[in-house]
Amino acid sequence: MNQVQQDTLEASPAARAAAFSVHVFTALGAGVALLALLEAVREHWSAMFGWLGAALVIDALDGPIARRLDVVRLQPNWSGDVLDLVVDFVTYVFVPAYAITASGLLLPLAAPLLGLGIAVSGALYFADRRMKSADNHFRGFPGLWNVAVFYLFLLHMRPALSSLAIALLIVATFLPFRVLHPVRTLRLRWLTLTLTLLWGALLVYTLLNDFDVGAPVTVALCLIALYVAASDSAIRLLRSLKA
């Protein structure tokens, strides 16, 4: 019997049950994704985004809870990393891919091809061992198609522009630029967390108003997205110019 098995047996049943409940909580995200998909099929877009938002909250909470309850040690037969990737794929990629394809916001001929591109590129991205750097940045566009489809509805551009934007994001999945993690990146973390909270509040406001918001809210949401996507590249460019 190895040390991990010994530690697991010595843990109390309550501790092991609590640890397993974290896996159940993570898996709940897949159920929430199904609810989001059902709303998308009915074209209840705000409700779909509400469920995707709930999945985002689950994804944000399960990791800290798992570390606090020592899930890796107490439930060694269950891979939290694999479970998290499975749930993330359906909530971040698959359901949004359907929404983007079925929304009517893309060119009709391009929509199914771009939906296919989202699903395939998203699957490849989640299998890429280089997707995160040591300092908690994502490599390339990090498969946040739930966020991309939100901006697609928010900006409501012409179908040709929307189709081009989605195609560029698919390509950007494989490009070697870096996108900061809204929670884990340490550099300017106070600013990033503040903007992330503001973004969440504005997102809720936008959904409650069924995307009928004024220019200030739209501009603020776009500027926050630009900060998350481009701040690392901008800092590196400035440093290279000073060197």
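The values are calculated or read from the model by the stated rules, or taken from the named source; none is laboratory data. Not measured: the values here are computed from a predicted model. Using ideal geometry, Cβ is built from the backbone for each residue, glycine included, and neighbour counts are taken over all protein chains shown. These accessible areas exclude ligands, DNA and RNA; they are computed on the full protein's heavy atoms, side chains included. Shrake-Rupley method; radii C 1.70, N 1.55, O 1.52, S 1.80 Å.
Would you confirm, using the coordinates I've provided, whether THR173 is surrounded by 17 or more Cβ atoms within 10 Å (Cβ to Cβ) and among the hydroxyl-bearing types (Ser, Thr, Tyr)? Yes.
Every test in (1) open to solvent by 60 Å² or more (accessible area, probe 1.4 Å); (2) under 24 Å from ARG184 (Cβ atoms); (3) among the hydrophobic types (A, V, I, L, M, F, W, C) is passed by LEU34 save one, and that test is (2). Against the conditions (1) open to solvent by less than 40 Å² (accessible area, probe 1.4 Å); (2) modelled with pLDDT under 90, GLU39 satisfies every one except (2). Restricting attention to segment 170-205 and to residues that are of a type in the set (Gly, Ala, Ser) and within 30 Å of LEU116 (Cα to Cα), the residue that is modelled with the highest pLDDT turns out to be ALA172. Exactly one residue out of ALA220, ALA167, ALA160 is at pLDDT 95 or above, over 21 Å from PHE141 (Cβ atoms) and surrounded by fewer than 18 Cβ atoms within 10 Å (Cβ to Cβ): that is ALA220.
Can you tell me which of ALA60, ALA40, ALA33, ALA66 is out of contact with any helix residue (DSSP H, G or I) (no Cβ under 8 Å at 6 or more places or on another chain) and in contact (Cβ under 8 Å) with a residue 24 or more places away in the chain? Residue meeting the stated conditions: ALA60.
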